[in-house]
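Below is one structure, written out as structure tokens, with a few remarks after it.
The values are calculated or read from the model by the stated rules, or taken from the named source; none is laboratory data. This structure is a prediction, so every number in the text was calculated from the model and none was measured. Here the Cβ is made from the backbone with ideal geometry for all residues, glycine too, and neighbour counts use every protein chain on show. Surface areas here come from the heavy atoms of the whole protein model, side chains and all, with no ligands, DNA or RNA. Shrake-Rupley method; radii C 1.70, N 1.55, O 1.52, S 1.80 Å.
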Amino acid sequence: MRRDAAANLWAHFEPAGSEGRSPSTVVGSHLDSVPEGGRFDGALGVLCAVEAVDAILDAGARFRRPVEIVAWADEEGARFGIGLFGSCAAFGRLPDRALERRDRDGVSIAEALRALGERGDATTARRDPKELAAYIEPHIEQGPRLADRGLPLGLVSDIVGILHGRVTVGGRADHAGATTMTARADALAGASEMVLAIEALAKGRGDAVGTVGEIAVRPGAKNVVPGECVFSLDLRAARGLDDLVRDVRAAIRRIGDARRVTSSIDVLANVPAAPLDAGMRDLMRRAAKSVGVDAPELVSGAGHDAMNAQLAGVPTGMLFIRSTGGSHTPRESATVDDAALAADALAFALRELAC
Ligand code: GLV
Ligand code: MN
Ligand code: MN
């Protein structure tokens with residue numbers, strides 16, 4: 001096992017007696033979570049990967065091509081704001097100046113990596129996509145569609161496009177008692193109107209979603225008119241993300257002008273929608289079939305490291321495992337039986353690709 005410069009963990013299984021290097025089949029997911037998150041989003045996919053490789057080797061089978069298990073670092077971006085961090089580093093998609101991003105305590109990504117014993121430059125974790133023959137990510141579904149249909153497994157057809165940003169609204173801090181209502185530039189009141197506009201714009205277009213999940217107010221006292229407000233922006237859509245982003249930008253500007261507060265949007269990630277490889281979809285379908293499941297094709301509204309692999313040109317497949325209780329909450333759940341089916345299906349796919 002090795003840890004790369006972006007803190008991704010890799011376990012490499014070299015085929016016996018191979019000559020030269022042929023591209024690897026990579027399978028895995030992530031181990032990090034969100035604040036007050038669940039135990040399955042990410043981690044179950046890594047465990048299924050370990051179980052599938054273990055089952056193949058235990059059965060005495062040999063890999064004819066290299067196989068790697070990966071646990072991507074900081075998929076959620078909960079600490080530094082950059083989601084899919086490890087796979088962005090591996091596939092050359094880190095946003096500009098990513099390593100200078102700081103957490104709430106002022107620690108930068110570069111510093112956090114150095115504290116782990118790395119050199120602090122995650123960009124050197126980049127891999128040549130030609131080294132990878134295929135990538136498979138097993139993951140809980142995180143929604144109710146499989147449970148509603150009474151099916152344990154599904155396969156992913158597309159992953160939605162995602163924009164992550166941070167909006168800074170600048171007003172003027174002032175005395176809450178002595179400043180009349182007409183003389184204020186209240187950053188939080190402006191931000192509140194922007195949040196409602198984001199909700200309305202996303203509601204107005206099909207499958208799009210828009211979420212503001214974090215907000216901070218400065219100076220943050222009950223008797224001070226808010227002088228600055230910073231909130232997160234999460235916009236997603238399978239189609240038409242650019243139009244939604246354009247409309248949200250315009251609404252933020254319009255509301256800011258009307259309220260005499262400034263606004264700026266810092267884009268942390270802008271990942272286009274990723275249709276997954278047709279051949280890998282077919283393989284995921286056959287893998288599910290091998291364990292007796294007619295797996296439906298589902299669009300993923302959640303982002304996954306699989307997007308970066310596919311966008312880099314690595315043929316990518318995702319297997320969804322039925323989950324209940326929602327996701328990004330401690331209520332999220334999946335059964336051992338469903339996880340075992342997923343590991344068996346994965347082993348089928350790995351045998352086909354690498355044995
Ligand atoms: C990851 O879980 C995401 O979709 O943000
Ligand atoms: Mn997640
Ligand atoms: Mn996840």
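Key figures for this structure:
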read-out	value
For region 277-355 and region 22-61, distance of Cα centres in Å	11
The chain, Cα convex hull volume normalised per residue, Å³	138
Relative contact order (%) - criterion: Cα under 8 Å, at least six apart; region: the chain	25
Rounded tilt (10° steps) of 43-58 against the dominant C-alpha axis of the chain	10
Protection proxy ranking, peptides 249-255, 151-157, average beta carbon neighbours within 10 Å, highest first	151-157, 249-255
Estimated [θ] at 222 nm from DSSP helical runs (n ≥ 4, -39500 (n - 2.57)) normalised by residues in the chain, nearest 500	-9500 deg cm²/dmol
Percent antiparallel among DSSP beta bridges (both partners in the chain, rounded to 5)	70
Shape category assigned to region 162-271 from the gyration tensor of Cα positions, a/c cut at 1.5	prolate
Relative contact order (%) - region 1-145, alpha-carbon pairs under 8 angstrom, separation at least six	34
Cα lying deepest toward the dipole's positive end in the chain, options 226, 132, 241, charges on Cβ	226
Accessible surface, the chain, averaged per residue in Å² (probe 1.4 Å)	46
Per-residue HN-Hα couplings for region 60-75 [Karplus 6.51, -1.76, 1.60; θ = phi - 60°; Hz; x = Gly/Pro]	x, 6, 10, 7, 9, 10, x, 10, 10, 9, 10, 10, 5, 8, 6, 5
Packing-based ranking, highest mean first, of 49-60, 314-325 given that Cβ atoms within 10 Å are counted	314-325, 49-60
Extension gain, residue 14 back to residue 182 (0.36 nm per residue minus Cα-Cα distance, nm)	53.5 nm
Folded to 0 to 90 degrees: helix 336-354 orientation relative to the chain principal axis, Cα	60
Dipole moment magnitude, nearest 20 debye, the chain about Cα centre, only Lys, Arg, Asp, Glu C-beta charged	800
